[in-house]
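What follows is a single structure, written as structure tokens, with notes after it.
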Amino acid sequence: MDEIRITGGRPLRGEVAIGGAKNAVLKHQVATLLTAGRHTLSNVPGILDVALMCRVLDYIGAECSLRDDRLIVEIPDELNPEAPLDLVRQMRASILVMGPLLARCGRVRVALPGGDEIGARPITMHLDGLRQMGAEFELSHGILEGVAPGGLRGADVVFDFPSVGATENILLAAVRAEGVTTIENAAREPELVDLAMLLNHMGANITGAGTSTISITGVSELQPANHKVVPDRLEAGTYAVAGAISSGHVRISHCVPEHSRMELAKLEESGCEVVRGDDWFEVTGPERPKAVNIATLPFPGFHTDMHPQMVAYLSIADGTSVLTENVYEARFRYIGELTRMGADISTDWQHAVVRGVERLSGCPVEAPDIRAGAALALAGLRAEGTSAISEVHHIDRGYHRFVEKLEALGADIERKRSSNRDLS
């Protein structure tokens, strides 16, 4: 097993280029199932989740080829409408094959999803929306089987909560359903807008993406398309916090600053200097941040996937911060690892009370999920001594060349085989 070892104390300086968004490209990969032919995606990050989704598509019948940042997906005329248990358990986004496979094949067989253990993320809204469109489901021994005996048809779908996954699944099903589908209280995330752009390039008829009401007029056929994946705002935010927590100066390029406006506003509130351009921004971190309060919310609110990184940053703030997690109730599993490094954090239901300390201390810690793993690395940049982060395959799921990019910014960091050697 690999580990990442970081010796803290170096302010980061320099420029880091951002790749394509994990939370967009996985959905683009699934969208290729909607029509046979050769699909080409560019600006694709070389992360583990992309490889896992390629394995899901391969099982269904596709052929995937990733070279540099270019992914080619060949979809055959006939598909196997089933996603394998072992792969779906590893990555929650696999559940999104339901929509396109029901739309194209009229049936689907998929295991209930896995992924990061950051709380219950039920698929009830996915299933309720698809049922309104004519699908029928049966769950047996953890396997969900769906059929659309009369084909999918348009419906008015209203969500209790603007779920990104449910909005995407209904969107992917509706583009080839008969009639018009309307999604009310739809998610508004930039990655969902990017998915709608890809589908429209393929010949779909979607309006309203990026607003709370999306309208989809179904079409009988689609065509393969070439599409460039939107930049990853979470990668951009992570390196912005890396610059801030190290009291450094980092320029983030090949990004969309507007997509990170709430996160950048909170960095400014904490004492960072932030300068924005068209496709870049710069962050200069303070010697020690000021305490701020944060509540995670669906876009355009503060992203839940930036929560752990900001808690790591606020752990060395002057004062007490409160972070309220409104999206995933079990997101605090990493708190114990941060406290081992000297952070003073307590939790109460969905609140984390972060009492800033003057210094953190390096020690061995374990990454429980993608963003928590990144957060522990950021804490290691500030900590005195050396930190060793294990279970780094979680970081690999969402970040391409994570160690190399931090090293290029001046971090004292390396990836190596783990050992039991005492780090004290």
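Annotations
- Peptide packing for 6-17, 174-185 was compared via the average number of neighbouring C-beta atoms within 10 Å per residue; ordered from the highest value, the list is 174-185, 6-17.
- Cα Rg over Rh - the chain, Kirkwood: 0.98
- For the chain, adding -39500 (n - 2.57) for each run of n ≥ 4 DSSP H residues and dividing by the number of residues yields -9000 deg cm²/dmol at 222 nm.
- Reference-scaled alpha-carbon Rg (2.2 N^0.38 Å with N residues) for segment 318-424: 1.09
- The share of Cα pairs per 5 Å bin across segment 100-195, counted from zero up to the longest distance, runs 3, 13, 24, 24, 21, 12, 3, 0 percent.
- Counted by neighbouring Cβ atoms within 10 Å, the residues Ser260, Ser361 run from fewest to most as Ser361, Ser260.
- Listed as lacking a disulfide-compatible partner in the chain: Cys105, Cys255, Cys272, Cys363, by the criterion of no other cysteine Cβ under 4.7 Å.
- Residues Ser65, Ser247, Ser42, sorted so that the one with the fewest Cβ neighbours within 10 Å comes first: Ser65, Ser42, Ser247
- Interchain or long-range residues, amide H under 5 Å from Phe302's placed H: Leu297
- Within the listed set Val283, Val30, Val357, the residue fluctuating most in the Gaussian network model of the chain (springs between alpha-carbon atoms under 10 angstrom) is Val357.
- Taking a ≥ b ≥ c as the square roots of the eigenvalues of the Cα gyration tensor, segment 22-228 is rounded, since a/c falls below 1.5.
- Cα gyration tensor shape of segment 183-229, rounded if a/c is under 1.5, else prolate or oblate by comparing a/b with b/c: oblate
- Counting beta carbons within 10 Å around each of Lys290, Lys416, Lys405 and listing the fewest first gives the order Lys416, Lys290, Lys405.
Here, each number is a calculation from the coordinates, and none is a lab measurement. All values reported here derive from a predicted model rather than from experimental measurement. Cβ coordinates were reconstructed from backbone atoms using ideal geometry, including for glycine residues, and neighbour counts include every protein chain displayed.
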